Amino acid sequence: AYTYVSELWRKKQSDVMRFLLRVRCWEYRQLPSIVRVTHPTRPDKARRLGYKAKQGYVIYRVRVRRGGRKRPVPKGIVYGKPTNQGVTQLKFQRSKRSVAEERAGRKLGGLKVLNSYWLNEVGIKRITLLSTHFMPHSMLSIPALLFVFAHLLGLKGFWCLPPFLDLVLWEYVKIEDLDLGEYVKIEDLDFGEYVKIEVLDFVDLTLDSTYKYFEVILVDPAHNAIRNDPRINWICNPVHKHRELRGLTSAGKENRGLRGRGHLHHKQRPSRRATWKRNNTLSLRRYR
């Protein structure tokens, strides 16, 4: 059964998953940013990450706002060299999943973070590609990419397109109920006339959302069911306090660059700071 559930989550663009994600997003928006759930929304993923349906395991859903990190300086004054003057358009070093683990760990100090996984994002926008020319479906990836770039640039309409794609609609007309190959009449914004246009394809994006949702797996180190289980009682040791704050979870290790091994990743171990210190420390040995 877990195999089928996993395959369903692999097809997030399917009608079933699009409907589920939309309905659940609406529900999540009505709830607090950190809320406990009775059972994992993705049981297959949770079990792969160490979750067991027994006493001592807890699941919390955490909401994290999307976007980059603005430098917290008053009035945008950084006081430094010009290379460090940036305030906006900065990217946080850690992922949103790691931030979700951190917030859950701070909120629930008596529990220990085991792992986490992505759950949902708010909103799925349907993009419709329209054209008056015949165009094989094998070429639809080109206009789809163009529209993705247009969305990232913040454009509401994208009119300067190659000749095979006349018009791309953003939200001017509601045409979610149309089928491929169907013709619609759209008012031309330049000439004020109605043009007969063919619906080429639909592209679903989740780039316009405000929040990301994650579910964090936490363990109660004081519970006897955890302390007596040899597969998980390692987390009861004091050395694992707030492992999410020190980059020891899966998301934290990924952000530290510790996923890869071998000579291609030798500058990441044991850490970037330790490697820099080792390479920049003058070592004058007594016997040399």
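Each value in this text was obtained by applying a stated rule to the coordinates, not by laboratory testing. These figures come from a predicted structure and were not determined experimentally. Cβ coordinates were reconstructed from backbone atoms using ideal geometry, including for glycine residues, and neighbour counts include every protein chain displayed.
Using the beta-carbon distance between Arg10 and Arg66 and R0 = 22 Å, what value does 1/(1 + (r/R0)^6) give for FRET efficiency, to the nearest 0.05? According to the calculation, E is roughly 0.45. Normalised by residue number, the volume inside the convex hull of the Cα atoms of the range 205-267 is 177 Å³ per residue.
The separation of the range 233-288 from the range 17-42, counted between C-alpha centres, amounts to 35 Å. Approximating the spin labels as points 7 Å out from Cα along Cα→Cβ, the Glu254-to-Arg29 distance works out to 2.6 nm. Between Lys54 and Lys267, the distance separating the two model label sites (each 7 Å from Cα on the Cα→Cβ line) works out to 4.5 nm. By the compact-protein rule of thumb, 2.2 N^0.38 Å, the alpha-carbon radius of gyration of the range 1-78 corresponds to a ratio of 1.51. Calculate log10 I(q)/I(0) of the range 55-122 for q = 0.18, 0.19 Å⁻¹, where I(q) comes from the Debye formula with a single equal point scatterer on each Cα and nothing for solvent. Listed by q, the Debye log ratios stand at -0.80, -0.84. In this structure, the pairs whose alpha-carbon distance is over 22 Å, taken from Lys70/Lys112; Lys112/Lys277; Lys75/Lys107; Lys96/Lys277; Lys45/Lys112, are Lys70/Lys112; Lys112/Lys277; Lys75/Lys107; Lys96/Lys277. Ranked for footprinting exposure by Cβ neighbours inside 10 Å, fewest first, Ile235, Ile34, Ile217 give Ile34, Ile235, Ile217. Here r is the Cβ-Cβ distance between Arg285 and Lys241 and R0 is 35 Å; the resulting FRET efficiency, rounded to 0.05, is 0.40.
With K and R counted +1 and D and E -1, the other residues having a Cβ less than 15 Å from that of Gln30 yield a net charge of +4. Take the Cα radius of gyration of the range 14-53 and divide it by 2.2 N^0.38 Å, N being the number of residues; the result is 1.37.
Quick one: Glu102, Glu27, Glu215, fewest Cβ neighbours within 10 Å first, how do they rank?
Neighbour counts put them in this order, fewest first: Glu27, Glu102, Glu215.
Remark: the range 204-258 carries a charge dipole of roughly 440 debye about the Cα centre, counting +1 on each Lys and Arg Cβ and -1 on each Asp and Glu Cβ.
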